[in-house]
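The values are calculated or read from the model by the stated rules, or taken from the named source; none is laboratory data. Fair warning: this is a prediction, and the values are worked out from it, not measured in the lab. Here Cβ is always computed from backbone atoms with ideal geometry, including for glycine, and neighbour counts include all displayed protein chains.
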Amino acid sequence: MKQIFITTATFVENSYEQIVNCVYEPKIRTVMKIILSLVTGICLLLLSTGCLKEPGEGGTSTLIGRVYAYDYDASMQNLRAQYYAPDEDVYIIYGDDSIYSDRTRTSYDGYYRFEYLRPGNYNIYVYSKNLQTKLPPDIPVIKTVQITAEHQVIVVDDIEIIK
């Protein structure tokens, strides 16, 4: 990375001197120096900030997991069944975003997958019935995961929900 900046800066500096030396009028030369200095600064700024990657798509890592459901009767007193839940919406939030960044659905056996992620922090959640209070009727069950490097496959703990 440092080599790219040094090479780019050397190229820009050499081009800068060639352009400025072609202009013989002192006032125009001064204006040209200012303009080229600004352009050089902007180019270097864009090069340096373009390399910073936020969490999200564009990487090579994958998060996989399953959603496990506890299915109660209408009174919410008797457990009728428990199983890996098919066809459930699973949401992911990239980094510090305030709303979900992507959504997928579980397969027939409760598996979900989010691919092509960069290193960073992620929140994965599924909505579950709220047994504590009547409002809100559904609450998110959230798992926080951190990808620390490229090419990782991270298995997220089961997300348990109430149906």
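Looking for something surrounded by 14 or more Cβ atoms within 10 Å (Cβ to Cβ) and closer than 20 Å to Tyr72 by Cα - is there at least one such residue anywhere in region 146-155?
Step one: filter region 146-155 for residues surrounded by 14 or more Cβ atoms within 10 Å (Cβ to Cβ), giving 147, 152, 154.
If we keep only those that are closer than 20 Å to Tyr72 by Cα as well, we get none.
No: region 146-155 contains no residue that is surrounded by 14 or more Cβ atoms within 10 Å (Cβ to Cβ) and closer than 20 Å to Tyr72 by Cα.
When residues of region 131-163 are filtered for being of a type outside the set (Val, Ile, Thr), without any contact (Cβ under 8 Å) to a residue 60 or more places away in the chain and more than 12 Å from Leu63 (Cα to Cα), how many remain? Don't jump to the end; show me each part of the working.
Residues of region 131-163 of a type outside the set (Val, Ile, Thr): 131-132, 134-138, 140, 143, 146, 149-152, 157-158, 160, 163.
If we keep only those that are without any contact (Cβ under 8 Å) to a residue 60 or more places away in the chain too, we end up with 131-132, 134-138, 140, 146.
Then drop every residue that is not more than 12 Å from Leu63 (Cα to Cα), which leaves 131-132, 134-138, 140.
The qualifying residues number 8.
Can you name every one of the strands (runs of 3 or more DSSP E) wholly within region 64-163 that holds 2 or more residues which are β-branched (Val, Ile, Thr), at pLDDT 95 or above and closer than 29 Å to Glu54 by Cα?
On the way: elements: 79-84, 89-94, 102-105, 111-117, 120-129, 138-147, 153-155, 159-162.
Qualifying strands (runs of 3 or more DSSP E): 89-94, 120-129, 138-147, 153-155.
Go through region 83-101 and give me each residue that's within 13 Å of the chain's Cα centre (by Cα) and exposed (fewer than 15 other Cβ atoms within 10 Å of the Cβ).
Gly95, Asp96, Asp97, Ser98, Ile99
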